[in-house]
Amino acid sequence: MPRTDDIDRLVAAIAPDPGPGLTPSGRQLMEEITTTPVALSPAPARRRRRWLAVPVAAGLTAAALALGWVLPALPGLGSAPAAAALDIRRDGDHYVIRVLDMYADPETYERELRARGLDITLEVKPTSRGRAGSVFIVQDLDRLQAEGRVPADGRITTVDELPLGKEASPGDPVSPLRPPGSCQTPHGCPLGVRIPVDLTERARITIGREARPGEDYLIRPDVGSPGEPLHCVPYVNRTVAEVTRIARERGVEPTFAHAGTMHGPDRAPAGWYVHEGVMSGAKTAIFLIGPEPDPSPHPDSAFGCGES
């Protein structure tokens with residue numbers, strides 16, 4: 001009778017090659033099967049102040065044939081390698097960059113962009129479902145780095161740096177593939193950005209993806225944005241005690257911030273006033289507070305909601 005190690009060798013000789021492993025689309029499908037996304041509604045962009053702060057299918061459509069590939073030519077169709085994290089194509093005077101692997105590290109994105117001659121730093125950061133697909137861009141990266149306002153590698157390390165740029169809107173020269181929060185399909189929608197072919201300044205682009213369960217948001221929506229827990233709830237200039245009760249009634253655990261210090265509800269001054277707030281996770285929020293009401297509050301979550 002053959003020994004166990006002999007059997008192992010015989011089986012290995014006839015077993016099929018396992019191949020390169022999961023492709024980005026396979027990983028995305030696995031993620032959809034094994035996680036339960038937070039079901040939130042779309043949300044518009046909000047002003048920020050004072051915060052710490054598949055592979056291509058073999059049967060190409062006529063529309064796809066009209067696009068010029070930026071990817072290097074490969075034998076056969078010339079499509080993206082199976083392990084590519086990005087799908088980069090030329091569409092007229094723009095490049096269309098779709099994110100195939102939302103969880104790849106920034107170095108992988110950068111390597112693929114540099115290989116196509118694109119001087120862009122790209123990151124994908126977790127956010128709420130309503131902000132998934134949002135795009136933030138910093139175009140004068142060289143100047144900001146020279147001033148020491150962003151790291152030498154141009155990458156975002158904290159949420160403080162998001163306000164250095166601007167949020168891109170559909171129709172802008174640099175624009176998201178779709179408006180944030182517009183995806184209504186159960187399996188998600190493609191994330192990506194359109195950039196001009198003649199973009200000359202070095203740019204840093206940050207794209208929001210829906211956070212996985214339990215993952216902190218690094219792109220933080222206003223707590224009152226459509227789809228967020230305090231939408232249509234007038235929380236601005238209400239006391240810490242009131243906002244704590246309101247937030248907890250809606251399944252959100254609040255933290256309060258003042259002068260760079262964070263306080264839990266039990267340690268924050270109950271009579272101080274909430275000036276604004278952002279969601280830091282699906283069930284957590286951070287509120288900026290002060291001893292007096294904000295004399296010039298931005299429109300809060302009740303704006304446009306009728307009488308409360």
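The values are calculated or read from the model by the stated rules, or taken from the named source; none is laboratory data. Source: prediction; values computed, not measured. With ideal geometry, Cβ positions are generated from the backbone for all residues, glycine too; neighbour counts draw on all protein chains shown. Surface areas here come from the heavy atoms of the whole protein model, side chains and all, with no ligands, DNA or RNA. Shrake-Rupley method; radii C 1.70, N 1.55, O 1.52, S 1.80 Å.
Just a few scattered comments:
- Kirkwood-based shape ratio for segment 220-307, expressed as Rg/Rh from alpha carbons: 0.93
- Mean projected area of the Cα convex hull of segment 192-235, taken over all directions, amounts to 5.2 nm².
- In Å², nearest 10: area of Met262 left accessible to a 1.4 Å probe: 90
- Inter-probe distance in nm under a simple model that places probes 7 Å from Cα toward Cβ, at Ser182 and Thr284: 3.2
- Counting only protein heavy atoms and using a 1.4 Å probe, the accessible area of Ser182 comes to about 50 Å².
- Accessible surface, 1.4 Å probe, highest first, among residues Glu276, Glu112: Glu112, Glu276
- Solvent exposure ordering (accessible area, 1.4 Å, most first) of Tyr273, Tyr95, Tyr235: Tyr273, Tyr95, Tyr235
- Per residue, in Å², the accessible surface of segment 220-307 once ligands and nucleic acids are set aside, probe 1.4 Å: 45
- Accessible area in the full protein assembly, largest first, 1.4 Å probe, for Lys166, Lys125: Lys166, Lys125
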